Amino acid sequence: MKVAIVGASGAVGQEFLRVLDERNFPLDELVLFGSSRSAGRKYTFRGKQIEVKLLQHNDDFKGVDIAFTSAGAGITKEFCETITKHGAVLIDNSSAYRMDADVPLVVPEVNPEDALNRPRNVIANPNCTTIQMVVALKAIENLSHIKRVHVATYQAASGAGAAAMDELYEQYRQVLANEPVTVEKFAYQLAFNLIPQIDVFTDNGYTKEEMKMFNETRKIMHSDIQVSAMCVRVPALRSHSESIWVETERPISPEEAREAFAKGEGLVLMDNPEKKEYPMPLFLAGKDPVYVGRIRKDLANENGLTFWIVGDQIKKGAALNAVQIAEYLIKVGNVK
């Protein structure tokens, strides 16, 4: 089993290295690729140093079984044919092909079988906010069909990459030192602030991030579900949080929902208000599951339920989800 990581030096690329090691992923050879900026860097994996190769249009992907890409949509589109031409399965973490009809969009806890039908040998990893939401929605969908979802997201700085995390640290230091604040990675200062915009605005007033949640959820769940999202950048470092309201075809009690979440694949129930136990991003960075709490009836909707989820968006929202897709393909014997 020969595996490649494209974009190895980025936040998600580094997470790929950790996740592959943590899960004892069955690989015999690992090759790393990056831009001219990162080519030549060396990273240690399972006791061996691996040098990052420059990503080029050549035959470097010959013999590669699975290629994880996290270098942006433009790079994916430019190099897709180069990566897949010798038979490698490309599992892409960008938005390049998510909504293409001939590219499956996969969350293994929800629709793993979709990964088996990939005409272009490309599988798309959904947006991080969508991934953690549909893992939770699946538990409810199994009880009663979900008609509508309203979701407000509280997205950490790391969703914009490693440099954005560094900027948040620096902004806090600058504010406390009474220095001018550096603003480069976000539209405004994020320290001590909230920014109700992630990605660019579309014609309907929603951002691209919000529309991703609408479109991707329907594709993953093969559903007519309606999703209305409000995505907000918050000055947390890592792990995204979401407040979710669902409307189902029949009423679901909080007790029934708790039981479903407790049994749900990829979920951890953390819901004990009396002891002030509920998911918080500060304590859940680096964890694999999606955590669910604050489960209660929606007072404004007879068939409504509302709850709160937290997930590490670099891990489950990116690298881990992609690796789980690869693990599924290996399990069912569907690689090359």
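The values are calculated or read from the model by the stated rules, or taken from the named source; none is laboratory data. Just so we're clear, the structure is a prediction, and the values are computed from it rather than from any experiment. Quick reminder, even Gly has a Cβ in these numbers, built from the backbone with ideal geometry, and neighbours come from all protein chains shown. Quick note on the areas: whole protein, heavy atoms, side chains included, nothing else; ligands and nucleic acids left out. Shrake-Rupley method; radii C 1.70, N 1.55, O 1.52, S 1.80 Å.
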Among R98, R118, R46, the single one that is open to solvent by 10 Å² or more (accessible area, probe 1.4 Å) and closer than 13 Å to E216 by Cα is R98
The one condition Q171 fails out of (1) in contact with a Ser or Thr (Cβ under 7 Å, 6 or more places away or on another chain); (2) closer than 19 Å to A322 by Cα is (2)
Checked region 142-161 for anything open to solvent by 50 Å² or more (accessible area, probe 1.4 Å) and within 23 Å of A322 (Cα to Cα); matches are Y154
Restricted to region 13-50 and to residues being in contact (Cβ under 8 Å) with a residue 24 or more places away in the chain and hydroxyl-bearing (S, T, Y), the residue nearest to I83 (Cα to Cα) is S35
Test P235 against the criterion of being open to solvent by less than 50 Å² (accessible area, probe 1.4 Å), in a loop (DSSP other than H, G, I, E, B) and either touching a residue at least 12 places away in the same chain (Cβ under 8 Å) or out of contact with any helix residue (DSSP H, G or I) (no Cβ under 9 Å at 6 or more places or on another chain) (or both), and give yes or no. yes
If we keep only residues of region 162-188 that are polar (S, T, N, Q) and in a loop (DSSP other than H, G, I, E, B), then the residue most open to solvent (accessible area, probe 1.4 Å) is N178
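Quick check on H222: is it assigned by the TED database to the domain that holds I244 and on the phi > 0 side of the Ramachandran plot? Steps first, answer last, please.
On the way: assigned by the TED database to the domain that holds I244: yes; on the phi > 0 side of the Ramachandran plot: yes.
Spelling it out, H222 is indeed assigned by the TED database to the domain that holds I244 and on the phi > 0 side of the Ramachandran plot.
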(1) free of Cβ contacts under 8 Å to residues at least 24 places away in the same chain; (2) polar (S, T, N, Q); (3) within 13 Å of V6 (Cα to Cα) all hold for N117 apart from (3)
If you go through A162, A96, A156, A101, the only one that is more than 21 Å from E265 (Cβ to Cβ) and without any contact (Cβ under 8 Å) to a residue 12 or more places away in the chain is A101
Pairs returned, first residue in region 174-185 that is under 13 Å from A157 (Cβ atoms), second residue that is charged (D, E, K, R) and open to solvent by 50 Å² or more (accessible area, probe 1.4 Å), beta-carbon separation under 9 angstrom, 6 or more apart or interchain, are K185/D166
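Has region 76-85 got any residue that is among the aliphatic types (A, V, I, L, M) and either under 30 Å from M211 (Cβ atoms) or within 24 Å of the chain's Cα centre (by Cα) (or both)?
Yes, region 76-85 contains at least one residue that is among the aliphatic types (A, V, I, L, M) and either under 30 Å from M211 (Cβ atoms) or within 24 Å of the chain's Cα centre (by Cα) (or both).
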Subset of region 238-285, residues among the aromatic types (F, W, Y) and touching a residue at least 40 places away in the same chain (Cβ under 8 Å), comes to W245, F261
What do you reckon, is R120 in the same structural domain as F61 (by the TED database), out of contact with any Phe, Trp or Tyr (no Cβ under 9 Å at 6 or more places or on another chain) and over 30 Å from D271 (Cβ atoms)? no
Okay, strands (runs of 3 or more DSSP E) sitting entirely in region 22-127 with 3 or more residues that are among the small types (G, A, S) and either within 30 Å of N142 (Cβ to Cβ) or at pLDDT 95 or above (or both), I get none
Filter pass, T82 being of a type outside the set (K, R), open to solvent by less than 60 Å² (accessible area, probe 1.4 Å) and closer than 19 Å to Y291 by Cβ: no
Given the conditions (1) part of a loop (DSSP other than H, G, I, E, B); (2) touching a residue at least 40 places away in the same chain (Cβ under 8 Å), every one holds for M133 apart from (1)
Item to complete: Say whether the condition of being more than 30 Å from D199 (Cβ to Cβ), among the hydroxyl-bearing types (S, T, Y) and touching a Leu at 6+ places or on another chain (Cβ under 9 Å) is met by at least one residue in region 34-42.
Response: no
